[in-house]
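Trainee: The structure follows.
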Amino acid sequence: MSSSVIQLECQCNNYPWGKKGSSSLAAKYAAATPGGHFKLDESKEYAEQWMGTYPTTPSLVLATGEDLQKHINSNKEKLIGKAILDKFGADLPYLPKILSIAKALPLQIHPDKGLAAKLHKKDPEKFGDANCKPEIAVALGKFEVFVGWKPIPEIQQLFTTVPILKSRFTKSSETHFNGETLKEVVGKILSASDEEIVELYESLKKTEVKDFGKHTYFPELLPRLAEQYDKSDPGNLVALLTMNYLVLQKGDAIYVPADGIHAYLSGDIVECMARSDNVLNTGFCPRADRDSIELFTAALTFSPKNADEALLKQKKSDKGLKGHTQVLAPPLSEFDMLITKLKGKETETIKALQGLAILIVTGGKGKMRAEGKEHEVKEGYAFFIGYNTEIELAAESGLEAHIAFAEA
Ligand SMILES: [Zn+2]
């Protein structure tokens, strides 16, 4: 009889925006797991640790080295439960990750289901699945992010007050910005030549702070972004001029819907998304890596947002029987996430979930009891928790866990 609590050995990828060596939390977590496949190299960037079964970076069953998805496939009904099997099939329907971000990730959107299906058919190599990918990001410390659009009046204020923007982008007749104006402006920035972008950058650098209104971060962020990629990268301007810039603290979370524009800038986070790896990039990356501007702007949802709309609030969860567990429940997504926080020697019981879960320990250490067995847990350990399995977490001196789960 196979166990429903399976410790995982997870892998890291090396995207160039990741933090280096042991300064990367993703790498630290991969190295913390016994198993030994992962060798930390201080000269390498470690961007993302994946805890799931997406085929490019699959997790392994620690005890046997078996591929997790293969293991699930041979114990489907027991590990996933019939309802989830019927709804999503045997493949893990979501993918949690730890991200360690040293510099901006490409400015990106993830296509919605309709577009993803089209792209996957046309170019299956580049778009590896036909799924959409709403995602959440939970800060494990200070986390800087560009997400969604600034409210239209704020964008209008910038494009009618800052002299260089006024002369380049705004017709004198334009006194009222709307979604169409925003789409035009973003399209213009993205299709400008390198020289034009550099010229805009230099003018913005000389612009008086007061012209940026409430966006007082321009003088600091403009050169910082330009240094990460290049002065000629249009991502600098799209992000600063049209998107919300947020500085989040530990525990804060954002939700990015399918088609929502976002670029993570710095920090360590837990991220979770539907099972998909489709992305359209357009800035904060070399020109050759950018997707077509038409494709990108066509896929964008230009319904303007504000910063508050992007924030996802934690609520107390009744899954934690002793009251130490909060839940993040993103709308229209395959998964929710529990966050259990224990002080001192506190314990928490997570009631049996009617689906499957991935638990990642994000702080402290202690024990996890389930099925009459006891498992050691400490920061960096990750577990698959099968269908209908109650677990008890007992802290030794504080313990924190993020648990992504799906119930049918
Ligand atoms: Zn993303």
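The values are calculated or read from the model by the stated rules, or taken from the named source; none is laboratory data. In this text the structure is predicted, and so the values were computed from the model without any measurement. Counting neighbours? That spans all protein chains shown, and the Cβs are built from the backbone with ideal geometry, glycine included. All accessible areas refer to the heavy atoms of the entire protein, side chains included, with ligands and DNA or RNA removed. Shrake-Rupley method; radii C 1.70, N 1.55, O 1.52, S 1.80 Å.
Trainee: Is any residue of segment 301-330 close enough, with backbone N under 15 Å, to a label point placed 7 angstrom from the Cα of Glu392 along the Cα-Cβ axis, and if so, which?
Mentor: Residues 321-323 fall inside that zone.
Trainee: Mind listing the long-range amide H neighbours of Asn281? Cut-off is under 5 Å, sequence gap 5 or more, other chains count too, H placed in the peptide plane at 1.01 Å from N.
Mentor: Asp291
Trainee: Projected area of segment 1-61, taken from the Cα convex hull and averaged over every viewing direction, in nm²?
Mentor: 4.5 nm²
Trainee: Could you sort 204-211, 307-314 so that the peptide with the highest average Cβ count within 10 Å comes first and the rest follow in order?
Mentor: 307-314, 204-211
Trainee: May I pose another question? Please compute the volume of the convex hull spanned by the alpha-carbon atoms of segment 157-240 and report it per residue in Å³.
Mentor: Considering the Cα atoms of segment 157-240, their hull volume per residue is 88 Å³.
Trainee: So what does the Cα-only Debye profile of segment 315-407 read at q = 0.18, 0.20, 0.21 Å⁻¹, as log10 I(q)/I(0), no solvent term?
Mentor: Here the Debye-derived log intensity ratios amount to -0.71, -0.89, -0.99.
Trainee: Each label point is 7 Å from the Cα along the Cα-to-Cβ direction; what then is the distance between the points at Lys373 and Lys322, in nm?
Mentor: 2.2 nm
Trainee: Sticking with this one: Placing +1 on the Cβ of each Lys and Arg and -1 on the Cβ of each Asp and Glu in segment 64-150, which of Ile101, Ala83, Gln69 has its Cα farthest towards the positive end of the resulting dipole?
Mentor: Ile101
Trainee: In whole Hz, with x marking every Gly and Pro, tabulate ³J(HN,Hα) for segment 196-210 from phi via Karplus 6.51 cos²θ - 1.76 cosθ + 1.60, θ = phi - 60°.
Mentor: Once θ is set to phi - 60°, the couplings for segment 196-210 become 5, 5, 4, 4, 4, 4, 4, 5, 5, 5, 8, 5, 5, 4, 4 Hz.
Trainee: Give me the percent relative contact order of the chain, please, defined on Cα pairs under 8 angstrom at least 6 residues apart.
Mentor: Once divided by the residue count of the chain, the mean separation gives 21 percent.
Trainee: Take the Cβ-Cβ distance between Val198 and Gln249 as r, set R0 to 35 Å, and report the resulting FRET efficiency rounded to the nearest 0.05.
Mentor: After rounding, the FRET efficiency stands at 0.50.
Trainee: Of Trp17, Gly366, Leu222, which is farthest towards the positive pole of the chain's charge dipole, taken about the Cα centre with +1 and -1 on the beta-carbons of Lys, Arg and Asp, Glu respectively?
Mentor: Comparing the listed Cα positions along the dipole, Gly366 ranks first.
Trainee: Now, a different point. Quick check: at a probe of 1.4 Å, how many percent of the accessible area of the chain sits on carbon and sulfur atoms? Walk me through the numbers before you get to the answer.
Mentor: Details: 8600 of 16600 Å².
Carbon with sulfur: 52 percent of the solvent-accessible area.
Trainee: Also, I was wondering about something else. Per 0.36 nm of contour for each residue apart, how much would the distance between Ile293 and Glu125 grow if the chain were fully extended, relative to their Cα-Cα spacing?
Mentor: 58.5 nm
Trainee: Once you've got the Cα coordinates, tell me which of Lys316/Lys341; Lys133/Lys214; Lys103/Lys341; Lys166/Lys205; Lys39/Lys70; Lys20/Lys341 are over 22 Å apart.
Mentor: Violating the 22 Å Cα-Cα cut-off are Lys133/Lys214; Lys103/Lys341; Lys39/Lys70; Lys20/Lys341.
Trainee: Return one number: the angle in degrees, 0 to 90 and rounded to the nearest 10, between the long axis of the Cα atoms of helix 152-161 and the longest principal axis of the Cα atoms of the chain.
Mentor: Compared with the principal axis, the helix lies near 40 degrees.
Trainee: Classify segment 14-125: rounded, prolate or oblate, from the alpha-carbon gyration tensor (a ≥ b ≥ c, eigenvalue square roots; a/c under 1.5 rounded; otherwise prolate if a/b is larger than b/c)?
Mentor: Because a/c hits 1.5 or more and a/b fails to exceed b/c, segment 14-125 counts as oblate.
Trainee: With the crude spin-label approximation of a point 7 Å out along Cα→Cβ, what separation in nm comes out for Ala352 versus Lys82?
Mentor: Those two pseudo-labels are separated by 1.5 nm.
Trainee: OK, next. Any idea what angle helix 179-191 forms with the longest principal axis of the chain, computed on alpha-carbon atoms, 0 to 90 degrees, nearest 10?
Mentor: Once rounded, one gets 90 degrees.
Trainee: A further question follows. What do you get when you divide the Cα radius of gyration of the chain by 2.2 N^0.38 Å, with N the number of residues?
Mentor: Normalised Rg, Cα atoms only: 1.03.
Trainee: Heavy-atom accessible area per residue, segment 1-80, 1.4 Å probe: how many Å²?
Mentor: 44 Å²
Trainee: Measuring from a point 7 Å past the Cα of Lys343 along Cα-to-C-beta, which residues in segment 231-257 have an amide N at less than 19 Å?
Mentor: In segment 231-257, the label zone of Lys343 (backbone N under 19 Å from the point 7 Å along Cα→Cβ) covers 250-252.
Trainee: So which GluC sites (Glu not before Pro) in segment 92-166 end up in coil per DSSP with only 10 or fewer other C-beta atoms within 10 Å?
Mentor: The qualifying sites are Glu125.
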